[in-house]
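In what follows, a single structure is set out as structure tokens and then discussed.
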Amino acid sequence: HSSHSARAACGSQRHHRLRHQLWSRLRGVRVRVRVRAPSSYEADEVNLHVAHSDVIRGVGVFAGQAYHCAVTRFPRDILSPVSPAVPVCDGCPTGQTLSYDHCKQHPEWVEVDTLVEYARNQSAANTIAHIQNLESAPLYFYRGTHDTCYKTGAEEATVAFYSRLTLDRGDRNLISYEGSVGSNHAQPTLSWGAVCGGPPDKRYSYIEACGYDGAGELLKHLYGSNLTAPHSSSSKPENLLVFDQSKYWVNASHPELKSPHLPSDGSAGLAGQAKAYVPQRCLATSKAPPGLKCRMHLYHHGCAGGWDSVFYNGATQHSGFNEWAEENDIIVIYPAMSSWGVTEQSLSGCWDGYGQTGSDYSLKSGAQISVIRQMVAELAAV
């Protein structure tokens with residue numbers, strides 16, 4: 001595929017621009033929402049999961065740092081003047097902050113017990129859901145062997161964080177970690193995307209064809225190995241819907257903790273529209289068996305993956321999630337970011353993993369977490 005053909009494929013989809021709320025198109029959704037984090041800004045999805053583990057029942061992470069790691073000072077950290085990229089630091093003197101991406105680039109500095117203690121304290125203060133919810137959560141992790149964005153040890157710290165809080169027996173009953181596929185910092189697919197482990201290819205962004213079904217392996221671990229395997233034509237292009245995401249914008253609580261650069265419209269940087277894949281049997285107009293309940297899965301794109309980007313269009317059409325969703329009655333919501341703020345990350349449509357929306361970015365009151373929670377509240381009625 002070329003960049004042109006990828007965009008043409010997006011344009012040829014029969015998207016429905018919904019003129020009313022998305023939930024009016026859906027059958028009942030089971031209260032078993034799962035979130036999947038893609039490459040680039042997956043820290044936000046770990047934060048979302050920990051903050052709302054009472055509703056978000058599991059998480060899949062394609063290369064991601066541990067909860068609250070990006071703004072936590074560890075003894076070996078090298079400090080620098082406060083910058084817009086890392087405006088928040090827990091444990092730093094006034095006027096100083098951490099080096100950007102210290103958890104990714106220097107995983108040997110990370111002390112996981114410090115992060116677990118922070119989560120326990122926030123749980124006790126009710127600023128996040130009770131961490132006991134994490135004990136039984138299914139957790140999937142992936143890192144490509146050629147990933148230079150997340151150095152060896154970074155993803156392992158994320159696994160270690162959850163390992164302190166889960167009841168996993170050590171036999172993959174709850175935690176699954178795949179670290180042997182030769183991809184770069186990317187989501188792997190069976191056959192669509194850039195050359196696996198090859199040079200960067202702007203036609204596909206962070207998606208690589210590795211002969212490994214990342215979507216399928218993740219979903220089977222989160223929902224159960226008895227899922228029905230799809231075929232290449234399982235998904236229905238007409239069921240990839242465009243919906244009004246601005247309906248879920250909300251001015252989060254604790255404005256005194258928010259960044260002055262945060263948009264005042266309640267968007268928290270999210271785009272005005274986004275896509276959702278709704279399996280045929282999950283459409284309210286379908287002739288599905290009475291009482292059918294469809295599950296919901298959230299897919300958060302990575303940096304440079306905001307609305308109408310190459311990454312976003314590729315992920316919503318070719319990442320493999322829609323095919324599995326169609327065969328197993330799973331609604332996939334693809335929230336979309338826009339360009340906002342003053343930092344390289346926010347301007348390129350990244351989710352906030354560094355406190356750029358405010359010091360409470362990883363808590364229930366976080367600006368972006370609040371918008372996603374509003375979305376889940378309406379679509380899943382939880």
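The values are calculated or read from the model by the stated rules, or taken from the named source; none is laboratory data. All of these numbers come straight from a predicted model, not from anything done at the bench. Cβ coordinates were reconstructed from backbone atoms using ideal geometry, including for glycine residues, and neighbour counts include every protein chain displayed. Each accessible area value is taken on the protein alone, full model and side chains, heavy atoms only, with ligands, DNA and RNA left out. Shrake-Rupley method; radii C 1.70, N 1.55, O 1.52, S 1.80 Å.
Only a single criterion out of (1) under 21 Å from Ile56 (Cβ atoms); (2) touching a helix residue (DSSP H, G or I) at 6+ places or on another chain (Cβ under 8 Å) is not satisfied by Lys293, namely (2).
The set of residues in segment 356-382 being hydrophobic (A, V, I, L, M, F, W, C) and in contact with a Ser or Thr (Cβ under 9 Å, 6 or more places away or on another chain) consists of Leu363, Ala367, Ile369, Val371. Here Val82 clears all of (1) more than 21 Å from the chain's Cα centre (by Cα); (2) surrounded by fewer than 24 Cβ atoms within 10 Å (Cβ to Cβ); (3) under 16 Å from Ala157 (Cα atoms) except the condition numbered (3).
If you check Lys220 against the conditions, is it open to solvent by 50 Å² or more (accessible area, probe 1.4 Å), more than 21 Å from Pro335 (Cα to Cα) and not in a helix (DSSP H, G or I)? So Lys220 fails the test.
Under the condition of being farther than 20 Å from Leu347 by Cβ, open to solvent by 10 Å² or more (accessible area, probe 1.4 Å) and of a type in the set (Ser, Thr, Tyr), the residues counted in segment 259-288 number 2.
Across segment 119-156, the number of residues qualifying as open to solvent by 40 Å² or more (accessible area, probe 1.4 Å), closer than 16 Å to His49 by Cα and within 21 Å of the chain's Cα centre (by Cα) comes to 5.
The residue list Glu238, Glu327, Glu256 contains one member that is assigned to a helix (DSSP H, G or I), in contact with a His (Cβ under 8 Å, 6 or more places away or on another chain) and open to solvent by 30 Å² or more (accessible area, probe 1.4 Å), which is Glu238.
Taking segment 50-121 and the strands (runs of 3 or more DSSP E) fully enclosed by it, the elements with 1 or more residues that are farther than 26 Å from Asn173 by Cβ, among the aliphatic types (A, V, I, L, M) and in contact with a Leu (Cβ under 8 Å, 6 or more places away or on another chain) are at 79-81, 96-98. Considering every residue within segment 49-57, establish whether at least one is surrounded by 20 or more Cβ atoms within 10 Å (Cβ to Cβ) and acidic (Asp, Glu). For segment 49-57, residues surrounded by 20 or more Cβ atoms within 10 Å (Cβ to Cβ) and acidic (Asp, Glu): absent. The residue of segment 100-114 that is most open to solvent (accessible area, probe 1.4 Å), among those that are under 23 Å from the mean Cα position of the chain (by Cα) and of a type outside the set (Val, Ile, Thr), is Tyr100. The set of residues in segment 298-314 that are over 12 Å from the mean Cα position of the chain (by Cα) and of a type in the set (Gly, Ala, Ser) comprises Ala304, Gly306, Ser309, Gly314.
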